[in-house]
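As structure tokens, the structure follows; a few thoughts come after it.
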């Protein structure tokens, strides 16, 4: 009888390789989700800071707060396409929130630098730029 000399992977070798991949996946997946949350947080914070600067310039030039986000189109390039990321973001207190807002908004409140008895800030899902970060 002729002896077969076919080469291949043994079942044990394949199982060891799968175990190694599973261990690497359990380490990598949480890091990946954390990186996405940090990227979302950084984008939201940068966008809100930019909008806050535009609000301050608008108020200085016009003597009043903007009524809507669209009023800032002269101060922010491509304002129509400025949208918050969808997903998880981290707040300064360590809490993770899920952002599902489609647009940024203006938040007027009675605090801070006042003009006409109120303060105006850019917000995302009710949070201002100072609320995001580590």
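Taken together, the values in this text are just the output of simple stated rules run on the coordinates, not laboratory data. This is a predicted model, so every value here is computed, not measured. Note that each Cβ is placed from the backbone with ideal geometry, even for glycine, and that neighbours are counted across all protein chains shown.
Points worth noting:
- Per-pair calculated FRET efficiency, R0 = 25 Å: residue 83 and residue 60 via Cβ, rounded to 0.05: 0.40
- Residue with peak Gaussian network fluctuation, the chain [Cα springs, cutoff 10 Å], from 73, 34, 53: 73
- Which label in [x] 16.0, 51; [y] 23.9, 87; [z] 25.2, 100 gives the computed Rg and Dmax of the Cα atoms in Å: [z]
- Extension gain, residue 29 back to residue 105 (0.36 nm per residue minus Cα-Cα distance, nm): 24.1 nm
- Across the range 40-131, the mean sequence separation of Cα contacts (distance under 8 Å, 6 or more residues apart), normalised by length, yields a relative contact order of 30 percent.
- Computed over the chain, the per-residue total of -39500 (n - 2.57) for DSSP H runs of n ≥ 4 gives a 222 nm mean residue ellipticity of -14500 deg cm²/dmol, rounded to 500.
- Put in line by how crowded their Cβ is, counting other Cβ atoms within 10 Å and starting with the fewest, 36, 55, 27 read 27, 36, 55.
- Likely footprinting exposure, 132, 32, fewest C-beta neighbours within 10 Å first: 32, 132
- Listed from fewest to most Cβ neighbours within 10 Å, the set 47, 52 follows the order 52, 47.
- Rounded to the nearest 10 degrees, the angle from helix 11-62 to the longest Cα principal axis of the chain is 10 degrees.
- Legend: calculated FRET efficiency, residue 125 to residue 20, from the Cβ-Cβ distance at R0 = 30 Å, rounded to 0.05, equals 0.15.
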